[in-house]
Amino acid sequence: MSKLLGQTRDLIRTRHLSIRTEESYLAWIKRYILFHRKRHPSELGAQHLSAFLSHPAVKRHVSASTQNQSLSAILFLYREVLGVELDWITDVARAQRPKRLPVAFTRAEVNAVLARLRDTTWLMASLLYGSGLRLMECVRLRVKDVDFGNHQIIVRDGKGAKDRVTMLPAPVEESLKRHLTRVKALHEQDVRDGFGGVYLPFALERKYKHAEREWMWQYVFPASRRSRDPRSGREQRHHVAETVLQRAVKAAVRQAGIEKPGSCHTFRHSFATHLLGAGYDIRTIQELMGHSDLHTTMIYTHV
């Protein structure tokens, strides 16, 4: 099993898939093999895959998205790693995700939640609301992608591996500049200590020598401590863990007495909803949100 997982890991990295996808796929493939008592996947058929997929749905009541995630991992194993295109794979149906309306805060609720956040978490939440960023787009934001001159943020490698441009909200610009001054001082100290490197995607560190130590490539929201990169094994400063903001927002929503299932993503929904209410063109909102399909953006007309 370890050899097969190693092959899967190597192929995932060759395809430049994210570290989250790598962890998720390896975990699901390992569960699939253990579920069938370590039998090799090439010995299994449609009934084995169906049994594996239905088990978490029936026994653990997981969501449709979780089922589809497990299916994607197994399909990757057969098609990409084993190079097997079996007829029964194409007959496996994905779980139907329920169509739900997004939850959005009112402007008063946005202010109430932000008022209960402090320092970095306030700044990050303000960008989620003022720029329509996804949570991971915010924590992975790099210095070079904040354009104060044009009052915009460039989102690199967003959902669907797409870049886009969104607005930099004016009320947070000065706070963000002060924050970056502190972050730069931290980076310069790391460099003096013999560190200062940061993860660069798609082998850019081989293309641009010493770029991993340059200021412009550093994360806007770095972690408080250095850590060891799971791929390179090098000690460097990664971005802040997304759970830091998730916990802070959850606590702020509770303290504000808001009776909604609010989360970090609710700020993004609120961004689109409030722009629509302010009279912005739906196509403009689509571009700012990074939606491929206009119908995805149209859902905010029902909120």
Exercise. Among (1) more than 21 Å from residue 131 (Cα to Cα); (2) at pLDDT 90 or above; (3) of a type in the set (A, V, I, L, M, F, W, C), which single condition is residue 211 missing?
Worked result: (2)
Problem set entry | Residues that are open to solvent by 40 Å² or more (accessible area, probe 1.4 Å), farther than 19 Å from residue 215 by Cα and not acidic (Asp, Glu), drawn from region 153-186 | 159, 160, 161, 162, 165, 167, 170, 171
Problem set entry | Of the criteria (1) at pLDDT below 95; (2) touching a Ser or Thr at 6+ places or on another chain (Cβ under 6 Å); (3) aliphatic (A, V, I, L, M), which one residue 245 fails | (1)
For this session: Might you let me know whether region 190-198 holds any residue that is touching a Leu at 6+ places or on another chain (Cβ under 9 Å), touching a residue at least 40 places away in the same chain (Cβ under 8 Å), of a type outside the set (A, V, I, L, M) and surrounded by 18 or more Cβ atoms within 10 Å (Cβ to Cβ)?
Result: no
Problem set entry | Residue list for region 203-244, restricted to those being open to solvent by less than 80 Å² (accessible area, probe 1.4 Å), within 22 Å of residue 178 (Cβ to Cβ) and either in contact (Cβ under 8 Å) with a residue 24 or more places away in the chain or not assigned by the TED database to the domain that holds residue 121 (or both) | 215, 217, 218, 219, 220, 221, 222, 237, 239, 240, 244
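Among the residues of region 263-285, how many are in a helix (DSSP H, G or I) and farther than 18 Å from residue 140 by Cα?
Going residue by residue through region 263-285, those that are in a helix (DSSP H, G or I) are 264-277, 282-285.
Checking which are farther than 18 Å from residue 140 by Cα leaves us with 266, 269-277, 282-285.
Counting residues in region 263-285 that are in a helix (DSSP H, G or I) and farther than 18 Å from residue 140 by Cα gives 14.
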Exercise. Which residue pairs have Cβ atoms under 7 Å apart, sit 6 or more places apart or on different chains, and have a first residue in region 89-110 that is surrounded by 14 or more Cβ atoms within 10 Å (Cβ to Cβ) and a second that is of a type in the set (D, E, K, R) and modelled with pLDDT of 55 or more?
Worked result: 103/260
Exercise. Does region 112-119 include one or more residues that are open to solvent by 70 Å² or more (accessible area, probe 1.4 Å) and closer than 18 Å to residue 285 by Cα?
Worked result: no
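Going by what's in this entry, would residue 273 be described as at negative phi, hydroxyl-bearing (Ser, Thr, Tyr) and open to solvent by 50 Å² or more (accessible area, probe 1.4 Å)?
Working: at negative phi: yes; hydroxyl-bearing (Ser, Thr, Tyr): yes; open to solvent by 50 Å² or more (accessible area, probe 1.4 Å): no.
Taking the combined requirement at face value, the residue does not satisfy it.
Quick check: is even one residue across region 287-298 within 14 Å of residue 132 (Cβ to Cβ) and in contact with a His (Cβ under 9 Å, 6 or more places away or on another chain)? Steps first, please.
Here is the first cut: in region 287-298, the residues within 14 Å of residue 132 (Cβ to Cβ) are 287-291, 296-297.
Filter once more, keeping what is in contact with a His (Cβ under 9 Å, 6 or more places away or on another chain): 297.
Yes, there is a match, as at least one residue in region 287-298 is within 14 Å of residue 132 (Cβ to Cβ) and in contact with a His (Cβ under 9 Å, 6 or more places away or on another chain).
On the basis of being among the basic types (Lys, Arg) and assigned to a loop (DSSP other than H, G, I, E, B), does residue 260 make the cut? First the steps, then the outcome.
On the way: among the basic types (Lys, Arg): yes; assigned to a loop (DSSP other than H, G, I, E, B): yes.
Considered against the rule, which asks whether it is among the basic types (Lys, Arg) and assigned to a loop (DSSP other than H, G, I, E, B), residue 260 comes out as yes.
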For this session: Would you please name the residue that is farthest from residue 125 (Cα to Cα), looking only at residues in region 138-175 that are basic (Lys, Arg) and part of a strand (DSSP E or B)?
Result: 164
Exercise. Are any residues in region 281-303 open to solvent by 40 Å² or more (accessible area, probe 1.4 Å), modelled with pLDDT under 90 and of a type in the set (Ser, Thr, Tyr), and if so, which ones?
Worked result: 292, 296, 301
Exercise. Just one of 128, 168, 180 is touching a strand residue (DSSP E or B) at 6+ places or on another chain (Cβ under 7 Å) and either closer than 19 Å to residue 20 by Cβ or at pLDDT 95 or above (or both); which is it?
Worked result: 168
Exercise. Just to be sure, is residue 137 crowded, with 18+ Cβ neighbours inside 10 Å and touching a residue at least 60 places away in the same chain (Cβ under 8 Å)?
Worked result: no
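The values are calculated or read from the model by the stated rules, or taken from the named source; none is laboratory data. Since the model is a prediction, treat every value here as computed from it, not as a measurement. Ideal geometry is used to build each Cβ from the backbone, glycine not excepted, and the neighbour counts take in all protein chains shown. What goes into the accessible areas is simple: the full protein's heavy atoms, side chains included, and nothing from ligands, DNA or RNA. Shrake-Rupley method; radii C 1.70, N 1.55, O 1.52, S 1.80 Å.
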